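Here the structure is laid out as structure tokens; the discussion comes afterwards.
The values are calculated or read from the model by the stated rules, or taken from the named source; none is laboratory data. All values derive from a computational prediction rather than experimental measurement. No Cβ is skipped: glycine too gets one built from the backbone with ideal geometry, and neighbour counts run over all protein chains shown. Surface areas here come from the heavy atoms of the whole protein model, side chains and all, with no ligands, DNA or RNA. Shrake-Rupley method; radii C 1.70, N 1.55, O 1.52, S 1.80 Å.
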Amino acid sequence: MVSARTSASSPPATPKLGLRERKKLQTRQAIRRAAYRLFAEQGYDATPVDRIAEAADVSPSTVFRYFPTKEDIVLSVEYDAVPAAGLRARPADEPMVESMRQVTVEALRGLTAEERGELVQRVRLIREVPAIRGRTAENAARDAAMLAAVLAERSGRPDGDLELRVIGAAILAALQEAMLAWVEGGQDADLEALIHRTMDVLARGLTV
């Protein structure tokens, strides 16, 4: 998924980071950018962590302090996969599919060119690297539970409700398929249009 730093309802701004937090963020970003550059040049499996550390001008121990595994460099991002704040800012009586559509599209519009490039690389790696695919499945279960929790708040149903879990899992799986289709097509299609098409499928009840 993509960042949901903004939403149609404009949730409160994130507090400004202190100097220490900014430096940590800069280090994380430097490591990730170096890794993506090397992955593109020589492949994921052929890129050891010590080479990433060298390219980022940090020690291997620093890389592992920020990213416990190499897969985490790809899958750990500076935002929540489930945009809980954006969803909570949507009207409570709005269908969750529509709420998710809106926060996802807003997030896509807010991406910089560099962030968009990283999104492409991330999706490609999820598609091509078995270890990353496996971790993605683990993360998807966690993210679906987070989305179900937001649904529970909006609906008044109990946490763990089966229908809410199914809805959350379906939405996230559908969005991932839209991202995969976009990357597999060489990004020729309009990603925002793909998101709308995907959410339309869910909204009409999975009919063909």
Residues being modelled with pLDDT under 90 and closer than 29 Å to Met199 by Cβ: count how many of those fall in region 1-56. 14
Considering only region 34-68, state which residues are within 19 Å of the chain's Cα centre (by Cα) and farther than 19 Å from Glu128 by Cα. Tyr66, Phe67, Pro68
Out of curiosity, is Ala137 hydrophobic (A, V, I, L, M, F, W, C), without any contact (Cβ under 8 Å) to a residue 24 or more places away in the chain and under 30 Å from Ser61 (Cβ atoms)? yes
Please report, ordered by residue number, the helices (runs of 4 or more DSSP H) entirely within region 50-149 with at least 1 residues that are touching a Phe, Trp or Tyr at 6+ places or on another chain (Cβ under 7 Å) and open to solvent by 40 Å² or more (accessible area, probe 1.4 Å). 113-128
Filtered residue count, region 153-167, keeping only those that are touching a helix residue (DSSP H, G or I) at 6+ places or on another chain (Cβ under 8 Å) and open to solvent by 90 Å² or more (accessible area, probe 1.4 Å): 4
Please find, within region 167-199, the residue that is nearest to the chain's Cα centre (by Cα) out of those that are within 21 Å of Thr136 (Cβ to Cβ) and not hydrophobic (A, V, I, L, M, F, W, C). Gln176
Suppose we keep only residues that are of a type in the set (D, E, K, R) and assigned to a helix (DSSP H, G or I) within region 168-205. Which one would you say is most open to solvent (accessible area, probe 1.4 Å)? Arg197
So if I check each of Arg101, Arg90, Arg109, which one is modelled with pLDDT of 85 or more and touching a Lys or Arg at 6+ places or on another chain (Cβ under 9 Å)? Arg90
